[in-house]
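Sharing a structure with you now.
Derivation of every value follows stated rules applied to the coordinates shown; laboratory data play no part. Model, not experiment: these values are computed from the prediction. No Cβ is skipped: glycine too gets one built from the backbone with ideal geometry, and neighbour counts run over all protein chains shown.
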Amino acid sequence: MFVNRGRKLGWRNMENAMKKIALSEIKDDLSRYLRLAEHEEIVITKHGRPAGILVGFASEDDWFDYKLEHDPRFLSRIARARNSLRLGKGVKLENIRLSPPTRNRRMK
């Protein structure tokens, strides 16, 4: 299942959620389509067939999230953590006790 700007999408609905634009149109007005891509992914077609995806970012946070979601090292780490939890090696949030910070005082 995929998430597109807050909406969960299945494989069948994913194609309908993306706007399709011919490469020739995008070349003529790229800045306009980048603004549109901030709100929805745009499938770039070449001769009527999908050739790529234009993904825009409304903020630097969106860019950071995208990089993180597509970083193989991060995804691998998440997979290892989930596997560890499945094996019962994790710590539940309820079991974490927060203690107040201690102050280090220097004595002269």
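What translational D, rounded to a whole number of µm²/s, comes out for segment 23-74 from Stokes-Einstein when the hydrodynamic radius is the Kirkwood one over Cα pairs, at 20 °C and 1.002 mPa s?
D, rounded to a whole number, is 177 µm²/s.
Leaving out same-chain residues fewer than 8 places away, which aspartates and glutamates sit with a Cα under 17 Å from that of Lys20?
Asp28, Asp29, Glu38, Glu40, Glu41
Here's another thing I want to ask about it. With 10 angstrom as the radius, rank Ser59, Ser99 by how many other C-beta atoms surround their C-beta, starting from the fewest.
Listed from fewest to most nearby Cβ atoms, that is Ser99, Ser59.
Once amide H atoms are built 1.01 Å from N in the peptide plane, which residues 5 or more positions from Ala22, or in another chain, come under 5 Å H to H?
Thr45
Another question about this same structure. Separation between the Arg80 and Leu36 pseudo-spin-labels, each 7 Å from Cα along Cα→Cβ, expressed in nm?
Going by the 7 Å Cα→Cβ label model, 4.3 nm.
Any chance you could run the full-extension gain for Asp28 through Leu87? It's 0.36 nm times the residue separation minus the Cα-Cα distance, nm to one decimal.
15.9 nm
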